1. Given the criteria free of Cβ contacts under 8 Å to residues at least 12 places away in the same chain and surrounded by fewer than 17 Cβ atoms within 10 Å (Cβ to Cβ), does A212 qualify?
2. Say we look at the range 114-168 and pick out the residues that are among the acidic types (D, E) and either in a loop (DSSP other than H, G, I, E, B) or under 23 Å from the mean Cα position of the chain (by Cα) (or both); which of these is nearest to A255 (Cα to Cα)?
3. So which of Y259, Y229 is among the aromatic types (F, W, Y), under 19 Å from L56 (Cβ atoms) and surrounded by 16 or more Cβ atoms within 10 Å (Cβ to Cβ)?
4. Could you list all residues from the range 212-255 that are outside any loop (DSSP other than H, G, I, E, B) and under 20 Å from the mean Cα position of the chain (by Cα)?
5. So for the range 20-28 (the condition being part of a helix (DSSP H, G or I) and either modelled with pLDDT under 95 or over 28 Å from G149 (Cβ atoms) (or both)), does at least one residue qualify?
6. Quick one: in the range 1-31, which of the residues that are out of contact with any Lys or Arg (no Cβ under 8 Å at 6 or more places or on another chain) and more than 19 Å from V102 (Cβ to Cβ) is surrounded by the fewest Cβ atoms within 10 Å (Cβ to Cβ)?
7. Take the range 134-179 and flag every residue that is surrounded by fewer than 16 Cβ atoms within 10 Å (Cβ to Cβ) and under 30 Å from V24 (Cα atoms).
Amino acid sequence: MRVVSLLPSATEIVCALGAAGELVGVSHECDHPPEVAGLPALTASRLPGGGASGDLDRSVRELLRAALAIYDLDVDRLAALAPDVVVTQDLCEVCAVSYGAVCAATERLAGRDVEVVSLHPRRLGDIWDDIRRVAAALGRRAAGEALVGGLLERLGRLEREAAAGGRPTVVSIEWLDPVMLGGTWMPELIAVAGGDPLGVVAGEQAPTLDLAALGALEPEVVVVKPCGYPVERTLAELELLPKALPWEAWPAVAAGRVYVADGNAYFNRSGPRIVDSAELLAACLHPGRFPSHLERYRGAVRRVDAGLGVHPLAR
């Protein structure tokens, strides 16, 4: 079987199912696991590279207003790879090449019966269902059930351990300019990790809040993990925090419980590492009670104090 994945989380799912050797093409953003390096990249972004959060947001909105695609798909290269299965998504046009563009491209693959598997996760349960659907398309149903079962076992164990302590109120930041909160499955992740999410409803898209609305939340913990940003990229825009957030009013800031986490590898990818994301969250919410998670994800998170000093996560 020849498989093309046009979404980083889908690539991780395919590899976790044991089908890495069947991948013949990926998106330009697929960077995990390491064995996908060097595979042909079939997409490219029209967004300027290295821009600030506000600039990127404005570029995205301008492209959408002009009814232009944010990503280009190399249709000729896709045809040359002759895939049997193409895995994509239809949840967010900002996250990956549009579903419509993928369907139009596969229709041009004359003489080939191509199965398009489109992921549309809004809740954790949707992620498990998507894994099963990819597994079915690849003829690996048993591997899919085993993968989902293992992920659910880890998640259940974490939830039981986290429930033994207090439950801090939590705000997760999805984007900094403008400020968006983590929606879709993020409220569920926070709850599993032993926290109470503020300002969001599970399954709904990320809401954009102004300073007044943010000031009414009063979180005890803040996790900043902009979509697609590794820790270093977010730290480069650290000066946005006291401008965009009610910095002096939030209890989390006064208590030194603001964390910048890797929003590229974790949280925003609806694949197997969503459970790693919950474990990372638990290390932030209850650092003294999850020493193994704290050690494992130490490189993926930093603590930011009220004066904007940056520190490693510690017990």
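The values are calculated or read from the model by the stated rules, or taken from the named source; none is laboratory data. In this text the structure is predicted, and so the values were computed from the model without any measurement. Cβ atoms come from the backbone with ideal geometry, glycine included; neighbour counts cover every protein chain shown.
1. yes
2. Restricting attention to the range 114-168, the residues satisfying the condition of being among the acidic types (D, E) are 115, 126, 129-130, 145, 153, 159, 161.
Retained after the next criterion (residues that are either in a loop (DSSP other than H, G, I, E, B) or under 23 Å from the mean Cα position of the chain (by Cα) (or both)): 126, 129-130, 145, 153, 159.
Values: D126: 35, D129: 39, D130: 39, E145: 42, E153: 33, E159: 25 Å.
Selected residue: E159.
3. Values: Y259 fails: under 19 Å from L56 (Cβ atoms).
Checking each option against the conditions leaves just Y229.
4. Within the range 212-255, V221, V222, V223, V224, V231, E232, R233, T234, L235 qualify.
5. Checked against the condition, which is being part of a helix (DSSP H, G or I) and either modelled with pLDDT under 95 or over 28 Å from G149 (Cβ atoms) (or both), the range 20-28 yields no hits at all.
6. Taking the range 1-31 first, the residues out of contact with any Lys or Arg (no Cβ under 8 Å at 6 or more places or on another chain) are 1-7, 10-11, 13-16, 20-21, 23, 26-31.
From what is left, the residues that are more than 19 Å from V102 (Cβ to Cβ) are 15-16, 20-21, 31.
Details: C15: 22, A16: 22, A20: 16, G21: 11, D31: 15.
Step by step, filter the range 1-31, then rank; the result is G21.
7. Scanning the range 134-179 gives A136, G139, R141, A142, E145, A146, G149, G150, L152.
For every residue, the table says whether it meets (1) closer than 21 Å to V224 by Cα; (2) in contact with a strand residue (DSSP E or B) (Cβ under 7 Å, 6 or more places away or on another chain); (3) in contact (Cβ under 8 Å) with a residue 40 or more places away in the chain.
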site: R122; (1), (2), (3): yes, no, yes
site: W175; (1), (2), (3): yes, no, yes
site: P187; (1), (2), (3): yes, yes, no
site: I190; (1), (2), (3): yes, yes, yes
